[in-house]
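None of the figures in this text is laboratory data; all of them are computed from the coordinates on show. Predicted model only: the values in this text are computed from it and were never measured. Backbone-built Cβ (ideal geometry, glycine too); neighbour counts: all protein chains shown.
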Amino acid sequence: MGLRETFLPWPVLRQARAVAGLPGAGRGDRSGRGDSARSRVTDRLQPRTSTADRVVASVCPYCAVGCGQLVYVKDERVVQIEGDPASPVSRGRLCPKGAATKQLVTNPRRQTRVRYRRPYGTDWEDLDLDTAMDMIADRVLATRDATWTDEDSQGRRVRRTMGFAALGGATLDNEENYLIKKLGTALGAVQIENQARI
Amino acid sequence: MVQGSNMAECHPVGFQWVMAAKARGATLIHVDPRLTRTGALADLHVPLRAGTDIALLGGLINYVLCNGLEFREYVVAYTNAATIIGEQFRDTEDLDGLFSGWQDDKAGYATDSWQYEGTSVASSAGKRERGTRARHDGQGRSHERQATGRGHEHGSHGAALSDLSNIRRDETLRHPRCVFQLLKRHYSRYTPEMVARVCGIPVDVFLQLARMVTDNSTRDRTTAWAYAVGWTQHTVGVQYIRAASVLQLLLGNIGRPGGGILALRGHASIQGSTDIPTLYDLLPGYLPMPHPDAHGSLDEYVADDSADTGYWGNMRAYTVSLLKAYWGEAATADNDYCFDYLPRITGDHSTYQTVKAQLDGSCKGYFLNGENPAVGSANAKAQRLGMANLDWLVVRDFALIESATWWRDGPEVESGELRPETVGTEVFFLPAAAHTEKDGSFTNTQRMLQWHHAAVDPPGDARSDLWFWFHLGRRIRAKLAGSTAERDRPILDLTWDYPTSGEHAEPSAEAVLREINGRAADGTCLSSYQQLTDDGATACGCWIYCGAYADGVNQAARRKPHTEQNWVAPEWGWAWPANRRLLYNRASADPEGRPWSERKAYVWWDEGKGRWTGHDVPDFQPTKRPDHRPPPGARREDALSGIDPFIMQADGKGWLYVPAGLSDGPVPTHYEPQESPVPNLLYGQQHNPARQTSRRTVDPYQPSGDEPGSGVFPYALTTYRLTEHHTAGGMSRWLPYLSELQPEMFCEVSPELAREAGLEHLGWATVVTAREAIEARVLVTDRMVPVRVHDRIVHQVGVPYHWGGNGLTTGDSANELTHLSLDPNVHIQETKALSCDVRPGRRPRGADRIALVEEYRRRAGITAETGTAPRTAASPGGTA
Ligand code: SF4
C-alpha cells in the first residue's frame, strides 16, 4: 500500500494541502468543500438517473397542473422520479408532492393484497383476487336484479337501477373513466360520480 | 388576479408562470380571507370575508359600468349586452333579492320571464316548458328541471335559441331593457361603500384594486382571473364564476391571450373525468343523460337539447357516434342506435343524494375508485353512516384509507354509535395500481391530454382501474350469457373486446383511447369532430376528444420539447377541442379580423390566404370571413356570423345575461352562505333561495345573520388545502416525506381571535358546528385578519381538510364540521364559508363529544327547520 492510497486521501490532509496551496490538492478548493472532500465512496457514486435501465415518460399524478415526470427504472423497479425538463408546463420542476412521487409508488406502506371484511366481521381476512372479482360481479348482479326499475312510480320508462353507486375518477385516467361510465350505463346504473362534483 | 384559489401553494409549478409574468412587469393581486404565499408574493393582497366574492365582483362590475370603462367595441360586437330582454322580467332590484318566476310551492324558479324578447320561449328546456310533452304544465316543468339538475344541461353550450333573426338588439346600449342597462341597474347597489360593509374591504383598497384591474384591461393589455374550489364550494358557486364571466366579458378579457377565467383544478384528471364523465347527469362530451319526460326517442332527445344554431346543432352526430362506440353493430338506424339502452335520470342523483339513499337503505352497493368520502366529502359522519347501511362496499386505493376501515376504527366506533358486530356491510379492499404501473392519459387543467406510460408492473394484487372495470364487465357478461331478459341486452350487446396483454391480461389503454377518438366506417381513426355523422357511419366515444388519436397516432403522447416549438407549444400532448390551446380565440381579433393590438395578436384573418391564422388553431370556421353575415334560416355553425366568436352558444355571443340554463337567476347576485354570522345587507333575501338543503337529522343547520341563536356560532370558517398534502390524504398521509413536512392537523386564527377565545399558539382548540366538534393544534398568526363587516368585527378560522384517523399523520377531519347544503345548478356543497365556535382545549372523547355538540344545538335553538326556508320570511319577493 503506497502512501498515496493510505494517508493522502484523508480529507483533513487534502484540505490542509489545499489551504497551503500545495500540489495534489483540489485546485482552487480553499474551503476544502470541493474535491478535497471527496472519498473513494463518493467517487464510486453514480446518480440513479445514469444507471437506470430505462427512462419512462410520465405525468405527475397529484394536481391538474400536469407536470411532466421522468420515471427511472432499474431491475424492474422504480429507482427515481424527476421532473421532465422538456415539458412546456413544468420545465423540469416538481412541487413537494410531485417530488415525493417515488415514495408514493414504492412505499412499503402500500397495501398490495386484497382485504376482505365479511358482514358483522370484526377483522380483515385474506381473499384471493380472482375470488374477490367473482364475488363482486355476483353482488353487482344480485343488487341490480333486486333493484331494477323499468318504470318509476309515475309510470315513466327509466330502465335503471338505483341500487348501487360509484364515486371516483378524478385521480384515474381518461380511459378508466370511459370504461366506468360505459359499463355503468350498460348496467343501468346512473349514480356514477366523482370528485368533480365535490 | 387570483381569487378563490391559493395558487402558490395548491398549484405551485403552475404558479411559476405567474411569477415569470410578474418578473416581466405584470401586476399580481390575491383576494383571499387568508394571507398565504400567493398573497405574500402579490403586489396587493385583499383580505375579504369568506363567502362574499360576488359582492366584490359585483362592485367591480358596477365600477366598470359607472365609469364607462367597459371595452365598448368588444362588448357590443361579441356579447349579448345589446340584446333586449322581455317585458315580463323582474330583477332583484324590484323584488328585494328574488328574480321574477319564483314559486314558493316549488322552491324554485320558472324561467319563462327571463327570456330574450322576440324569441319564443327559447331554451331547449323552454321547449319543454311550452308543453311539447303534455305531462306537466310549464311551471311544473321548470321546477322539475331544477330538481333534476337539468339547469346544468347547457353547461358546455348554453341554451338553444329559436329564430335568431327575431332577437332584438340595440347596439347603442341605451334601450332600458337591453342587457347592458339591466346590468347597470342590477349592480347599482354594489357600491364601494357596500363592498366595504359586506366584504370587509376598505373603500380605498377596493378603489385601488378596481383601478389596477381596469387599467390593465385594454386593447394592449389583458387581465386573467384564476380561481379554484374557493369559488365553487358555495351554495351560489356557479354564480361566482358567472360573476367573473360578466366582468371579464365587459373588460374584453375572454378569448384573448393573457385573459380568461382559469379554473385551477386539483386532481390529475379531474378535467378528464368531467369531459369523459363519471358524473350522473352527463354522457361523454357534455351530452346530457336523457330524461324520460322529453327523451323517449333519439329524435326527441336531439330536438329537445340541441341548438338549431351554433356548433351544438350537430348534437345528433355526436350522440349517434357515441351510441355506435358503445353498442357497435347492435346500434342501427332501425333501433334508434340503441338510444333506449340508456338509463334515464329523473332528478338530482348526485353524490350527496346517493348518501341519502344509502341512509334510507335504497342504495345498497358502492364502489370507491380512488376517493375517500369519509374524509373528503362534506358531512363525513353522514358519509360513514351511509356506508354502514350498505350491503357491500368496494374500495380501490393504495392504502387502507378511512373509507375502508370506518367499521372498525371510525369516529362512530369511538363514540359507541357503531360497533363492528352490528355493521352488516361487506367490504372488499382491492389495491390499486399507480400511474407508473399503467398506460393512460390525464387531462390537465388546460384541457390538455398527456399520456403516461407504464414503467413497471403493479405489485401483488394491485391492478389498474382499467383492468378492474374491464374484467368486472367481462365476468358480468359471462354470467349473463344466454340471458333473454330485455334489461340484459345493453350489457350483452356492449362492445367490450379490448385487446389484453401480459400475465395479468391488462387491457390496452391505447385501444380505449382509439375508441374515444373515434373511427370512420373503414376503421381508420378520425381526426376531427367535424367528420362525425349522424347516420351510424362513424363511431366516437367522446366527440370533443376526436382527434386525440388522429392519423392512428397517440397525440396525447407527443412530447416535443418546449425548446423546439413556439410558445403555444402545440406539439406537447393534445388539447380538446381540435388541439386548440385558447378557447374562443376569434375574440382576440377585432370585428374586422385584425389583432386588437400588435402586443396582443393571437389569431387573425389573413385576407391574402382567405383564412384565419395565428399562433394557435383558430377556434372558428377557418375560411369564414369577418364580414360574413348568414342568410336567414341558416343552421348550426353556418347560422353564426363572422363576428360571433362564442361558437358553442346559439347566438355566438358571450352571455352577460343568461336567459335559460341556470336554476338561480340570470344575473349573479350576492346571497349570504347557508350559515353566516351576518345578515345580507344587499337584500331582504338572506340565502340563495334555490339552494338545496338536506332536511335530515344527521345534517342540521345553524341560525344565520341576526336570527336568535346565531351568536352561538359567531366565527366564519373556511376550509383549504396545503402544498404537502393531497385532498383526503390517500396519496399523501402515508408518505414519510409529506407527513413530516405537514405533520399535524391545525387551525389558523388571528391573535385577536386567540385572545378573545382564549387560544394558545401550538395549544389545542376545539372547533364546533351543529354537526360535530373536532380538535386541532392552534396556529396563531396575523396572516388571519379579522374583517370589519356590517356593524361588527368578524373573525375567521381556517382549517385544512386533509386529515383523518389513518396513515402516518393523523388528525380530525375538517369535513366532520361541514354540511350538505348545495348549489342548485351543480349540487356542490358549501365548504368554503360556514360559521362555527372555537374553544380552547381538546375535544371530549366518546359519548361526551356527542353531548357537547348537542349542547351547542340546544343553546342555538336548532330544529329540523332551522336554515331550511328557501325564501327569507321578511322578503316580499315571492308574492310577485
Ligand atoms: S408537481 Fe406539484 S404542481 Fe406539478 S402536477 Fe404535481 S402536484 Fe401539481
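Worth pointing out:
- Sites B:ALA333 and B:THR623 - FRET efficiency at Förster radius 30 Å, r taken between beta-carbons, to 0.05: 0.40
- Label-point separation in nm, B:SER188 to A:LYS74, each point 7 Å along Cα→Cβ: 7.4 nm
- Proximal lysines relative to B:LYS106, as straight alpha-carbon distance under 20 Å, when same-chain residues fewer than 8 apart are discounted: B:LYS127
- Convex hull projection area averaged over all views, the stretch A:128-194, Cα basis, nm²: 5.3 nm²
- For chain B, hydrophobic long helices are taken as DSSP H runs at least 15 Å long by C-alpha position along their axis with mean Kyte-Doolittle hydropathy of 0.0 or more; these are B:12-23, B:53-66, B:203-215, B:237-250, B:315-327.
- The simple Förster model, with R0 at 22 Å and r as the Cβ-Cβ distance, assigns B:GLU421 and B:ARG695 a FRET efficiency of 0.10.
- All Cα pairs of chain A, percent lying beyond 26 Å: 64 percent
- The shape of the stretch A:48-106 can be summarised by an equivalent ellipsoid whose semi-axes, obtained from the alpha carbon gyration tensor, come to 19, 13, 8 Å from longest to shortest.
- The stretch B:658-677-the stretch B:596-639 distance, computed between alpha-carbon centres (Å): 35 Å
- Chain B, helix-only ellipticity at 222 nm - DSSP H runs n ≥ 4, -39,500 (n - 2.57), divided by all residues, nearest 500: -7000 deg cm²/dmol
- Rounded, prolate or oblate (a/c below 1.5 giving rounded, otherwise prolate when a/b exceeds b/c) for the protein assembly as shown by Cα gyration tensor: rounded
- Cα gyration tensor category, rounded, prolate or oblate, for chain B with a/c compared to 1.5: rounded
- Cross-link pairs exceeding 19 Å in C-alpha to C-alpha distance, out of A:LYS182/B:LYS356; B:LYS600/B:LYS653; B:LYS609/B:LYS653; A:LYS181/B:LYS324; A:LYS182/B:LYS324; A:LYS74/B:LYS560, comprise A:LYS182/B:LYS356; B:LYS600/B:LYS653; B:LYS609/B:LYS653; A:LYS74/B:LYS560.
- Distance between the modelled labels on B:GLU592 and B:GLU855, one decimal in nanometres: 7.6 nm (7 Å Cα→Cβ projection).
- Distant-in-sequence amide H partners of B:PHE367 (H built 1.01 Å from N, under 5 Å): A:ALA165, A:ALA166, A:LEU167, B:VAL394
- Taking the empirical scaling 2.2 N^0.38 Å for compact globular proteins as reference, the stretch B:710-860 has a Cα radius of gyration ratio of 1.04.
- Estimated FRET transfer efficiency (B:ASN566, B:THR500; beta-carbon r; R0 25 Å; 0.05): 0.05
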